1. Between GLN64 and LYS143, with labels modelled 7 Å along Cα→Cβ, what's the label distance in nm to one decimal, could you check?
2. So if each residue of separation counts as 0.36 nm, and I subtract the Cα-Cα distance between GLN92 and LYS201, what length gain in nm does that give?
3. Using the Karplus equation 6.51 cos²θ - 1.76 cosθ + 1.60 (θ = phi - 60°), what ³J(HN,Hα) coupling, rounded to whole Hz, does each residue of the range 99-108 give in order, writing x for Gly and Pro?
4. Say the cut-off is 26 Å between C-alpha atoms; which of LYS143/LYS168; LYS94/LYS191; LYS94/LYS116; LYS72/LYS168; LYS110/LYS201 go over it?
5. Note down the Stokes-Einstein diffusion coefficient of the range 63-201 in µm²/s, whole number, using a Kirkwood radius over alpha carbon pairs, 20 °C, and 1.002 mPa s.
6. For a protection proxy built on the mean count of beta-carbon atoms within 10 angstrom, sort 117-125, 69-77, 143-151 highest first, please.
7. Would you mind computing, in nm to one decimal, how far apart the modelled labels at THR129 and ALA113 are, each placed 7 Å from Cα along Cα→Cβ?
8. For the range 127-202, state the average projected area of the convex hull of the C-alpha atoms over all orientations, rounded to one decimal in nm².
Amino acid sequence: MRNHLWMSVAPIAALALGACSPKAEQKADNALNDAGAAVSGALNSTGNAIDNAQQALTTTPTGQEFVDAAAKSDAFEIEAAKLATTNAQSPQVKEFAGMMVAAHTESTAKIKAAAKAASPAITPDATLTKDQAEDLAELKALKGAAFDKEYIDGQVDAHEDALDLMRKYAADGTVASLKQAAGEIAPVVEKHLSSARALDKD
């Protein structure tokens, strides 16, 4: 967009510069600068509008949607970590997996308690999504270094999604007990994400 706008402005300015006196040239130069500023302003406004629209499209999940997503995430993390205890090669990956089992068992209990405290109470659905089930099937077929890489890559993606979910609901959620739980879980997920990213670089 920037190139098209400049192409329409530049020829006019060039003609003015070629045919005018020094004072007129200065005026033309000022006009060109003004036009450039207008173009930049228009582009910035458009960019801001796009960013705002994207943020508006990221809607806050309902209480049921939140607990279902959290329950599925925890269930996937626990099953994947259990696989890592037998299929992983790296001691660091196995240690990370052990931490995942403990942490996500704890967050499962926290979400269940918060869902029960909601009015009306909410029952989480922990059934894995199709994508999660497929990811687990792929992990089951791997061992050693190949497993380590696939597992940690998946952990980075999964924890990025989980952190987005927790932060979004902690900020904008409508069920008080769930909002509080999301706020408490988010920092833990953030630490897990940092650990997964560190292992991903090894």
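1. Label-label distance for GLN64 and LYS143, simple model: 4.4 nm.
2. The span from GLN92 to LYS201 would gain 38.0 nm if fully extended.
3. 5, 5, 4, 5, 5, 7, 5, 5, 5, 4
4. LYS143/LYS168; LYS94/LYS116; LYS110/LYS201
5. Calculated translational D: 142 µm²/s.
6. Peptide ranking by packing, descending: 69-77, 143-151, 117-125.
7. For the pair THR129/ALA113, the computed spacing is 2.8 nm.
8. Spelled out: convex hull of the Cα atoms, projected over all directions, averaged, 5.8 nm².
Each value in this text was obtained by applying a stated rule to the coordinates, not by laboratory testing. All of these numbers come straight from a predicted model, not from anything done at the bench. Don't worry about glycine lacking a Cβ; one is built from the backbone with ideal geometry, like all the others, and counts go over all protein chains shown.
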